[in-house]
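Asks: Got a structure for you, written out below as structure tokens; questions coming shortly.
Read-outs: derived from the displayed coordinates by stated rules, not from any lab. What you see is a predicted model; the values in this text were computed from it and never measured. Cβ atoms come from the backbone with ideal geometry, glycine included; neighbour counts cover every protein chain shown.
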Amino acid sequence: MRPFTPPPKNFFSHGWRPIGSPPPARLSYHIHILLFVMTAVTTVVAGMVIEGLHPLQQAAQFYRGLPYAGTLLVILFSHEMGHYLTARHYGMDVTLPYFLPAPPPLFFLGTLGAFIRMKSPARHRRALLYIAAAGPIAGFCVALPAVIYAYATSTIAPIDPTTGGLYFGEPLLLQIVGYLMLGPIPEGSALHINSIGVAAWFGLVVTMFNLMPMGQLDGGHIVYAIFGPQARYISRIVIGILLVLGFFFPGWFLWAALGWLTTLRQPTILDQHSPLNRNSRLIAGLALVIFVLCFMPVPLSLGPFNQ
């Protein structure tokens with residue numbers, strides 16, 4: 001009788017499985033492709049609306065919605081692939097991006113963004129920090145050239161105080177770029193940007209929301225990687241600030257509720273005691289700078305300017 005020889009430690013990592021166990025699930029790309037195509041369509045429609053076109057009556061001019069859709073999709077794709085590639089680098093089980101279509105007038109920007117799902121815990125604190133920060137940094141690096149192009153092709157026009165409309169908040173980044181490229185805007189005037197600028201602005205909004213230092217958002221993961229369980233106190237402070245800001249922009253109430261619900265569950269890290277190195281703190285500092293540059297107390301407002 002031949003003696004039993006135990007399998008090597010990496011036995012299962014090479015695709016072997018015990019007799020009678022179910023075969024591994026096949027990776028399906030269908031849902032990811034379908035959602036991406038749907039989001040491409042809804043963002044093209046949104047781009048046409050932003051350009052002042054009627055999507056049904058002027059469908060032949062769909063190409064005028066492509067600059068907006070292309071810019072926004074590249075920003076969102078870069079953000080999510082930053083997460084995905086970094087997670088794969090650390091050997092984590094993670095899904096491809098899920099894009100979220102939102103056809104106008106349900107949501108005038110044509111999408112609610114995108115997300116990925118991490119199916120396995122981070123190996124250590126450094127991995128969690130890098131994975132969380134990689135997405136916003138990648139998206140920001142794509143949005144910045146779009147912002148510069150939008151300002152280079154923008155126009156300055158007088159404000160008509162009798163008209164109303166939708167006005168976009170101007171984060172610190174846009175104020176800096178605008179001042180460097182155009183100088184001070186005259187009193188009683190406003191900057192008009194093209195659809196690429198709108199896409200870049202939404203990319204900055206996505207970056208700002210994701211870098212909020214609370215709950216299961218990217219910023220919350222970064223804070224947890226640095227402070228551990230004590231990060232919940234930072235989340236509560238941020239939630240309190242958002243509740244105050246909600247009186248100026250009601251959308252913050254929704255984000256405060258989201259932050260509170262996601263704070264109830266902490267991220268899972270296999271090695272809670274691994275130290276962060278100098279590069280990790282530099283990455284966290286870069287993410288903080290990007291958050292400050294993108295932050296808008298009032299992202300959207302309705303008006304007229306004067307009553």
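Asks: Could you identify which residue out of P104, P184, P171 has the top mean-square fluctuation in a GNM of the chain using Cα springs shorter than 10 Å?
Replies: Judging by the Gaussian network model, the answer is P184.
Asks: A further question follows. Return the Rg/Rh value of segment 27-87, two decimal places, where both radii are evaluated on C-alpha atoms and Rh is the Kirkwood radius.
Replies: Across segment 27-87, the Cα-based Rg/Rh ratio is 1.09.
Asks: What base-10 log of the normalised intensity I(q)/I(0) is obtained for segment 159-244 from the Debye formula, alpha carbons as equal point scatterers, at q = 0.14, 0.19, 0.27 Å⁻¹?
Replies: Scattering profile of segment 159-244, log10 relative to I(0): -0.70, -0.93, -1.29.
Asks: Follow-up question, since we're still on this one. With N denoting the number of residues in segment 88-208, provide Rg(C-alpha) divided by 2.2 N^0.38 Å, to two decimal places.
Replies: Normalised Rg, Cα atoms only: 1.35.
Asks: Using only C-alpha atoms and all pairs of different ones, pull out the Kirkwood radius for the chain in Å with one decimal.
Replies: 21.6 Å
Asks: How do the peptides 218-225, 107-114, 265-272 rank, highest first, by the average count of neighbouring beta carbon atoms within 10 Å per residue?
Replies: Packing proxy ranking, top to bottom: 218-225, 107-114, 265-272.
Asks: Quick check on packing: order 88-100, 39-51 by the mean number of other C-beta atoms within 10 Å, highest mean leading.
Replies: 39-51, 88-100
Asks: Give me the net charge of P275's neighbourhood, meaning all other residues with Cβ under 11 Å from the Cβ of P275; Lys, Arg count +1, Asp, Glu -1.
Replies: Once positives and negatives cancel, what remains is +3.
Asks: With n ≥ 4 as the cut-off for DSSP H runs, can you work out [θ] at 222 nm for the chain, using -39500 (n - 2.57) per run divided by the number of residues, rounded to the nearest 500?
Replies: Dividing the helical sum by the residues of the chain leaves -17000 deg cm²/dmol.
Asks: Under the classification rounded if a/c is under 1.5, otherwise prolate if a/b is larger than b/c and oblate if not, where does segment 86-156 fall, given a ≥ b ≥ c as square roots of the Cα gyration tensor eigenvalues?
Replies: Oblate, because a/c is 1.5 or more while a/b does not exceed b/c.
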